[in-house]
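Notes follow once the structure below has been shown.
The values are calculated or read from the model by the stated rules, or taken from the named source; none is laboratory data. Please read these numbers as outputs of a predicted model, since none were measured by experiment. Neighbour counts run over all protein chains shown; Cβ positions are idealised from the backbone, glycine included.
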Amino acid sequence: MQVSTYMQTLTHTPIPTRDRLLDAAFQVCSERGLHGATTREIAEAAQVNEVTLFRHFGSKEKLIAAVFQRAVAAQAEFLNESEPDANDLQRDLTRYAERYNELLTTNEALIRTLIGEARRHPDEARQMICDAAKPMRERLVSYLRAAQKAGSVRRPLDLAPAIDAFTGMLLAGMLRRTALSLYFDYTVDDYIHTVVELFLRGIAAPAPVEKKRRSA
C-alpha cells in the first residue's frame, strides 16, 4: 500500500477512487508486470468498473505513469527547502539519499518488474523509468548547479552522469539488500553514509590553498 493511502486507512477515512486505482495499479503491475496487468484486473482490485478507470486516467499507460509520478512527487519536494551551503552539502545529500532509498525500497516490486520488462519491451520500460526518475534528477541537478556557483562543488563537473552514478549506487544497494539481506554485515544507514561520502569526495571543490608569506 502506498504512503498516501496508509494514513487514510488508519483513520478510517474513505479512500478517493483515484487513489484506490493508483494503489490497485501498483499492486497488479508489481505482481503481473506492465503488460501482464489488465485494466479489468486493476479495476476489480480497486473495486470499480473499467469505465471509472478510463474516466479518471484515459488509458492504462497514463494510469501507470501516474503511479510513478505520485511515488516521486513527495520525495522531490524536500530539496526545495534547502539552499546549497558548503557546511550543509553533506546533510542535504544524506537526506536526499535517505529519501531516494525510501522511494526505491517502497517500490521494490515495481522496480524489479520494470527491470524485467526492459529486455522484452525496452522502449516502454525505459520511458517509464525515465519519467519516474526525471523530477528528482532535475531537482538534484539544479541543486548541485547552485552549489557549484556557491563554490562547494567543483568545476568543471558534468553533473548529469555524476548524479546517475550516485543514484545508481543507491539502486544497486537496494536490489542487493532486498535480495540477499542475510549476507550483509552492515546496516542500511552504513551503506547510505558510505555512498554519500564517496560522492562528496568526487564532487567537492578543493579547499583554497593559502599563500605563504615571503620572509623579509
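Values for this structure:
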read-out	value
Residue in region 47-59 that is touching a helix residue (DSSP H, G or I) at 6+ places or on another chain (Cβ under 9 Å), of a type in the set (Gly, Ala, Ser) and assigned to a helix (DSSP H, G or I) present	no
Some residue of region 135-146 being surrounded by 12 or more Cβ atoms within 10 Å (Cβ to Cβ), more than 28 Å from ASP92 (Cβ to Cβ), modelled with pLDDT under 90 and among the small types (Gly, Ala, Ser)	no
